[in-house]
Amino acid sequence: MFDINIIRKDFPILSKTINGKPLIYFDNGATTQKPKAVIDALVKYYSEQNANIHRGVHTLSREATILFEEARKNVAKFIGASEEELIFTAGTTDGINIVASGLNLPGGSEIIVTEMEHHSNILPWQLWCERNNGKLKFIPLNKDGTLQVEKLNELITPNTKVLAITHVSNTLGIINPVKELVKTAKEKGLIVLIDGAQSVPHMKVNVQELGADFFVFSGHKVYAPTGVGVLWMNKNWISKLQLVKAGGGTIKTVSFEKTEYADGTLRFEPGTPNIEGVIGLAAAIHYVNAIGIESISNHEHTLLEHATKQLNEIKEVEIYGNTKNKAGVISFNVKGAHPFDVGTLLDKYGIAVRTGHHCTQPLMSCLHIPGTVRASFAMYNTLEEVDQFIEALKKSIKMLS
């Protein structure tokens, strides 16, 4: 049962005041707050379970290894995957870099992304293109911020090898028709990566149903610690993707003449991993499962509709990506005001929003703006907080006029 009052009590930071006002945290697209269950899991690990994994025969090491591998099973199940296909990374950016650097693409290859991509899903591919005489292409946007899906076919040539797309725009909140895009790409023999950083926290995801080759997301956007993430790859890629990082824990045997690497996902996890982060991620997934991802999605959609309706009634406000098929994110500007000034004034009322280009400068260029104010919602936000945000925004607009 979704009980907002119980949920809010689970997040200690929500009792904090900012500038004498109760914290209203609407910057969840950047990072989410952590429930006590996750905090407790980290404390317990360091207090009772701390040891390195996979290599020790002593009790603590065996216990920590079990916790780590149980986390792999639980996180894999959460996204409809097999544990044999799941790699723990430092986050979405790390996962994309592992794939972009590990694909054995011929020089001169073309890679397609979209105009709404986060820099994390542009720069690794751009870097590959610079080093390998490749070409980066973009699926353009419609005026409402949605993708011109029909343009994908036009962009594909015999040299096109990869489609890398965001599931949900971190700036606009628009949910892209990834199944349709993946189907088109696979029919043309393309390799497909989906950036799920903004979808996993907001909706049920099943990587098998999406049909891509790779799927990445970050723990800290789904109530887990920072510095931990997931790279899922279709099992067919586990032996084909080239290693870009090597070290202890990835090997079977090592000599000065030759190294034989481990089979399976361990070959992609060199060195001591973020053990406590993985344990915290498992605790976060368990917490989300207990609440119910569908209930969370429905609650956030209610917040989105409520906020969108009220923002549309403020004549000075312009919303970007003002479409129906969205996750709980709203980007907007106040006409005649810089988003930084709006965000600074909202902070005086204890309201945390994100301002700027949100690591999507190409998107901002398409929209012909320097940045936006972004309010992004999570399970612990309330309709009352939305109302307070709207009132604070109206007061801020008066101060800026």
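Some points to look at:
- Residue count, segment 53-81 (criterion: of a type in the set (S, T, N, Q) and in contact with a helix residue (DSSP H, G or I) (Cβ under 6 Å, 6 or more places away or on another chain)): 1
- Per-region count, segment 26-41, residues without any contact (Cβ under 8 Å) to a residue 40 or more places away in the chain and among the hydrophobic types (A, V, I, L, M, F, W, C): 1
- Scanning segment 384-395 turns up no residue that is touching a residue at least 40 places away in the same chain (Cβ under 8 Å), within 29 Å of Leu136 (Cα to Cα) and not assigned by TED's automatic domain parsing to the domain that holds Ala197.
- Whichever residue in segment 1-59 is of a type in the set (Val, Ile, Thr) and closer than 29 Å to Ala262 by Cβ and, among such residues, is surrounded by the fewest Cβ atoms within 10 Å (Cβ to Cβ): Val57
- Figure legend. Inter-residue proximity from segment 291-316: first residues touching a residue at least 60 places away in the same chain (Cβ under 8 Å) and closer than 15 Å to Ala327 by Cβ, second residues surrounded by 19 or more Cβ atoms within 10 Å (Cβ to Cβ) and aromatic (Phe, Trp, Tyr), beta-carbon distance below 8 Å, spacing 6+ or different chains. Indicated pairs: Glu300/Phe377; Leu303/Phe377; Leu304/Phe377; Ala307/Phe377; Ala307/Phe389.
- Residue satisfying condition, being assigned to a helix (DSSP H, G or I) and either touching a His at 6+ places or on another chain (Cβ under 9 Å) or surrounded by fewer than 23 Cβ atoms within 10 Å (Cβ to Cβ) (or both), within set Thr308, Thr355: Thr308
- Hits in segment 102-116 (condition: over 21 Å from the mean Cα position of the chain (by Cα), assigned to a loop (DSSP other than H, G, I, E, B) and either at pLDDT 95 or above or outside the structural domain of Asn142 (by TED's automatic domain parsing) (or both)): Leu103, Leu105, Pro106, Gly107, Gly108, Ser109
- Restricting attention to segment 72-101, the residues that are small (Gly, Ala, Ser) and either modelled with pLDDT under 95 or surrounded by fewer than 18 Cβ atoms within 10 Å (Cβ to Cβ) (or both) total 3.
- Residues that are of a type in the set (Gly, Ala, Ser), crowded, with 24+ Cβ neighbours inside 10 Å and farther than 16 Å from Thr166 by Cβ within segment 188-238 comprise Gly219, Ala224, listed in sequence order.
- Neighbours by Cβ (under 7 Å, 6+ apart or cross-chain): first from segment 353-373, not assigned by TED's automatic domain parsing to the domain that holds Ser120; second basic (Lys, Arg): Val353/Arg374; Arg354/Arg374; His358/Arg374
- Count of residues meeting criterion [free of Cβ contacts under 8 Å to residues at least 40 places away in the same chain and among the acidic types (Asp, Glu)] in segment 1-25: 1
- Answer residue from segment 323-348, given it is assigned to a loop (DSSP other than H, G, I, E, B) and not β-branched (Val, Ile, Thr) and is nearest to Met399 (Cα to Cα) among those: Ala337
- Meets criteria (surrounded by fewer than 20 Cβ atoms within 10 Å (Cβ to Cβ) and at positive phi) for Gly173: no
The values are calculated or read from the model by the stated rules, or taken from the named source; none is laboratory data. Just so it is clear, the structure is predicted and the values come from calculations on it, not from any experiment. Methodologically, a virtual Cβ is constructed for each residue, glycine included, from the backbone with ideal geometry; neighbour enumeration extends over all protein chains shown.
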